[in-house]
1. Test of understanding: among LEU341, LEU337, which residue is under 18 Å from LEU418 (Cα atoms), part of a helix (DSSP H, G or I) and in contact with a Ser or Thr (Cβ under 8 Å, 6 or more places away or on another chain)?
2. For region 20-69, how many residues are of a type in the set (Gly, Ala, Ser), buried (at least 16 other Cβ atoms within 10 Å of the Cβ), in a helix (DSSP H, G or I) and in contact with a strand residue (DSSP E or B) (Cβ under 7 Å, 6 or more places away or on another chain)?
3. Would you check which residues across region 70-82 are among the small types (Gly, Ala, Ser), touching a residue at least 24 places away in the same chain (Cβ under 8 Å) and either within 21 Å of LEU146 (Cα to Cα) or in a loop (DSSP other than H, G, I, E, B) (or both) and list them?
4. If SER98 satisfies all but one of (1) outside the structural domain of ASP33 (by TED's automatic domain parsing); (2) assigned to a loop (DSSP other than H, G, I, E, B); (3) farther than 30 Å from HIS222 by Cβ, what's the number of the condition it fails?
5. When ASP357 is evaluated against the numbered criteria (1) within 38 Å of the chain's Cα centre (by Cα); (2) closer than 16 Å to ILE411 by Cβ, which criterion, by number, is the only one it fails?
6. Residues that are small (Gly, Ala, Ser): list the strands (runs of 3 or more DSSP E) wholly contained in region 102-145 that include at least 3 such residues.
Amino acid sequence: MLLIAAAWIGVLLLVGGLALDRTIGTLLTSQFDEQLEYVLTSMIGSAEIGPEGEVFFNRPLGDQRFLEPNSGLYWQISGPGHEDWPSRSLWDRTLTLSNRSHDYRPHYYDTQQFEEEPLRIAERTLRLPGSNTEWQFAVAAARGELDAQIADSRAILVWSFAVLGLGLFGMVALQTWLGLVPLRRVRKAIARIRSTGANRVTEPLPTEVQPMVEELNALLAHTDRQAEEARTHAGNLAHALKTPLTVLTNAASAHSPDLDQTVLREVAAMRRHVDHHLARARALGRRAIGLSRTNVMESARGVERAVARLYSDSRFDIAGSATAEVAIERQDLDEVLGNLLENAAKYGGGSVFLTVDAEGEGPTCAIWVEDDGMGIPEAKREGIFGRGARLDTGKPGTGLGLAIVRDVVGIYGGTVELDESEDLGGLLVRLRLPRAAG
């Protein structure tokens, strides 16, 4: 920030200084030329033509320097066919004038024709009354005084702009330091969180950084929730595995005759618990990545192809919106729809309908999965979401399908309901997921 400010201040001051130096130089030169023009006008006003066609002054010029040799102020009148008439101050020298014989306007230029004495010349060509000759009137003055004035003004500009630049840079540095004070306070607050174990930034901070502090507190709260969820899952899993492990230990210690059956039964129970908690952990981890966007129809088509290979006798019909998108990771949506379609094919009568965006527009996208099976009595619908809950124990399975569906959908802020299908007469699973942001 300081380097950029210093560079920008330097560029602006340099451009401004050059422009101001040029303006002051032009103004001083213009004033110098006005003085020369005044003398030139006086010369022309005093000039007359003599009897032999020569030029003379009817009154002397007022500046005494025209009479002092090498005084730095000179005049000269030249004309074709006539000798140059110089001022006494030129002594034995003459001015070399420009060849603008047809330019009757005053014009000014610099010349180095005198060694170590640069001159500024003002000249004008005109015809005097009673003469057909085009006379060149010229006044020359040494540039030393003008150059000294320009050098003095330039020195003042350099020092003034240098002081101004240092002052501006100092002010920017002070402003930067003061402007970053709130960030240093935030850094100290974060350091205190790490050292004291606090989970929020609670001290009052300036309004400039308050939005950042609020986002930081929200991030800390989100991290706390994730950590608490992880601890809860770990505790639940440990508690769920404790009982089967105790049963296995007791059976092995007692040399139970049905040890093999006990091991298979308890291992299956432990596998259900592990699968359930792993599904929740994966969903929580992917949810933390950020905003998700998944096309429902693409996920449904992919899952339908996989399930159809396992249940080739079932007929799957998928209809609805092809553009509906939900805020859920594709893997999680595949797992949810896979469980629902597999359950519908396993426990249904052979027909499975899946409708995408069945309820039209709204904040949530409704996904309906219907089958033509026996359905689930209303009194048992809530209990079927429990881990290991199964109505038909004669068919293979872990009883985790609907439990995983409800947990994963709940993690993303959705809902799942069970109802009776009006078209097929079997079970209707009504799934609602938040739409992806537009």
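The values are calculated or read from the model by the stated rules, or taken from the named source; none is laboratory data. This structure is a prediction, so every number in the text was calculated from the model and none was measured. Glycine also receives a Cβ, built like all others from the backbone with ideal geometry; neighbour counts cover every protein chain displayed.
1. Criteria check complete, one pass: LEU337.
2. Of the residues in region 20-69, 0 are of a type in the set (Gly, Ala, Ser), buried (at least 16 other Cβ atoms within 10 Å of the Cβ), in a helix (DSSP H, G or I) and in contact with a strand residue (DSSP E or B) (Cβ under 7 Å, 6 or more places away or on another chain).
3. Across region 70-82, the qualifying residues are GLY72, GLY81.
4. Checking SER98 against (1) outside the structural domain of ASP33 (by TED's automatic domain parsing); (2) assigned to a loop (DSSP other than H, G, I, E, B); (3) farther than 30 Å from HIS222 by Cβ, the one that fails is (1).
5. Unmet for ASP357, out of (1) within 38 Å of the chain's Cα centre (by Cα); (2) closer than 16 Å to ILE411 by Cβ: (2).
6. 134-142
Here is a yes/no grid of residues against (1) crowded, with 16+ Cβ neighbours inside 10 Å; (2) touching a residue at least 60 places away in the same chain (Cβ under 8 Å); (3) of a type outside the set (Lys, Arg):
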| site | (1), (2), (3) |
| --- | --- |
| GLU116 | no, no, yes |
| PHE137 | yes, yes, yes |
| GLY144 | no, yes, yes |
| GLN149 | yes, yes, yes |
| LEU157 | yes, yes, yes |
| SER160 | no, no, yes |
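So that you can scan it fast, the table gives a plain yes or no per residue for (1) out of contact with any Asp or Glu (no Cβ under 8 Å at 6 or more places or on another chain); (2) over 30 Å from ALA162 (Cβ atoms):
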site	(1), (2)
ILE4	yes, no
VAL15	yes, no
ILE24	yes, no
LEU27	yes, no
GLU34	yes, yes
PRO51	yes, yes
PHE57	no, yes
SER89	no, yes
